[in-house]
Amino acid sequence: MVIGAHLDSWGLGTGALDNGCNVAMVIDIARQMQRLGLRPRRTIRFALWNGEEQGLYGSFGYMRTHADELDRHVMASSYDIGSGRINGFFTGGRPRLAAAVEQVLAPVDGLGPFTLIDVPIVGTDNYDFMMEGIGNLVGNHEAATYGPNYHAATDTFDKVDQRQLRLNAAIVAAVTWGFAQMDVDWQRQSRQEIQALIDATDLGEQMKTFGLWEPWISGQRGRKADRQESR
Ligand SMILES: [Zn+2]
């Protein structure tokens, strides 16, 4: 189970909303779990990605460094939209995973309501997990102060809603813990299945917008066809 936020920022302000606040949240969840002496069934990796703004390079690098382990990843979650209330998740266009997300959110029901939007999205560190066929979530947030300060000199600490950030940490901790504990009935998708997702949604258009289409087609980035498929 991977939980991550990106450490770099666009650099005009101090990148407090994009994405310092969620980096702090990831660190805080790791610290709290350790302090409580919790021992999850599955490994939880807390990731602070770098180079997100330049091209999602940190999370892409993880795919190469941990290529042999990707089959055993059950979910990767990313947080990158400021400190407004988490009001749900983008669940990547995988209906089977949505039910599991609802299950892991049950303990924090009182912090909801939560809405799941089952579409694939490009633009943050879920991307390479998605293109490697791994279940992926992106936290969705109420707009709050994010929009007006996006990639702007005004993206500074005073815009962070610290109380809400702590409540978001509770939500994300429940999701992280839930996926570290549960029995899962899904597997990593094959290249064919990922291609089917592209064909059925606007994912390909999003990839083209971000300059990520060619690396997928050329096999430079994303899941390779296995031997059985290419036969
Ligand atoms: Zn960001």
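Restricting attention to segment 2-12 and to residues that are more than 12 Å from the ligand (Cβ to nearest atom) and buried (at least 20 other Cβ atoms within 10 Å of the Cβ), the residue that is farthest from His151 (Cα to Cα) turns out to be Val2.
Checking the stated criteria, Gly82 turns out not to satisfy the condition of being buried (at least 23 other Cβ atoms within 10 Å of the Cβ), touching a Pro at 6+ places or on another chain (Cβ under 8 Å) and either in contact (Cβ under 8 Å) with a residue 40 or more places away in the chain or assigned to a helix (DSSP H, G or I) (or both).
The set of residues in segment 27-42 being within 18 Å of the chain's Cα centre (by Cα) and free of Cβ contacts under 8 Å to residues at least 60 places away in the same chain consists of Ile27, Ala30.
Checking the stated criteria, Gln103 turns out not to satisfy the condition of being part of a helix (DSSP H, G or I), within 16 Å of the ligand (Cβ to nearest atom) and surrounded by fewer than 20 Cβ atoms within 10 Å (Cβ to Cβ). In summary, helices (runs of 4 or more DSSP H) completely within segment 115-184 and bearing 2 or more residues that are within 30 Å of Asp68 (Cβ to Cβ) and within 16 Å of the ligand (Cβ to nearest atom) occur at 127-131. The residues in segment 203-231 that are surrounded by 15 or more Cβ atoms within 10 Å (Cβ to Cβ) and either without any contact (Cβ under 8 Å) to a residue 60 or more places away in the chain or assigned to a helix (DSSP H, G or I) (or both) can be counted, and the count is 7.
Coordinate-derived values only; no laboratory data. In this text, all values refer to a predicted model and were calculated from it rather than measured experimentally. All Cβ positions, glycine included, derive from the backbone under ideal geometry; neighbour counts span all protein chains shown.
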